[in-house]
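The values are calculated or read from the model by the stated rules, or taken from the named source; none is laboratory data. The shown structure was predicted, so the numbers you read here are calculated from the model rather than taken from an experiment. Ideal geometry is used to build each Cβ from the backbone, glycine not excepted, and the neighbour counts take in all protein chains shown. Surface accessibility is based on the protein's heavy atoms, side chains included, excluding ligands, DNA and RNA. Shrake-Rupley method; radii C 1.70, N 1.55, O 1.52, S 1.80 Å.
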Amino acid sequence: MAGVGPGPLRAMGRQALLLLALCATGARGLYFHIGETEKRCFIEEIPDETMVIGNYRTQMWDKQKEVFLPSTPGLGMHVEVKDPDGKVVLSRQYGSEGRFTFTSHTPGDHQICLHSNSTRMALFAGGKLYREERFRLTSESTNQRVLWWSIAQTVILILTGIWQMRHLKSFFEAKKLV
């Protein structure tokens, strides 16, 4: 969810992430919104050996009242920073409000990615994974039963065929047709 102002906020969803300050060479601020399932990345050119400090706050957005709700326990964010070479400088889970820091050791464009670690989404994903696992086990069990039933039917058909051939042979021998 991107944008600032009341128009885009109405269309936005469940959660907003406010990044209040990002200090690299000078004090600059970013303010943006991000949804529960979204990942927001941006690229910042950072000089060598520069300490970057980001202050943030995550809050839920109430669509009906059009206000931000107070921070909830378990609601937070994950921050991942990669240097210009693609090496991970920082990858960590954070709470609903606070700050993150890292020091650049290579000058150039650093990629900073943020996304929600909402417990609601984690519970939803956990339940989904449980259902998927249960469904997979049921499917494998059904597949195994179908395989054994097919083998049993094939054996029964072969035995029935052998019995019929012997029975017909003895019938024709008794009638002296063979």
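A few comments on the model shown:
- The stretch 32-118 - accessible surface per residue (Å², probe 1.4 Å): 52
- Positive-end residue of Pro70, Val81, Thr58, charge dipole of the stretch 39-88 with Cβ unit charges: Pro70
- Orientation-averaged projection of the stretch 32-118 equals 5.6 nm² [convex hull of Cα atoms, one quarter of hull surface area].
- Rounded percent of accessible protein surface that carbon and sulfur make up, the stretch 32-118, 1.4 Å probe: 48
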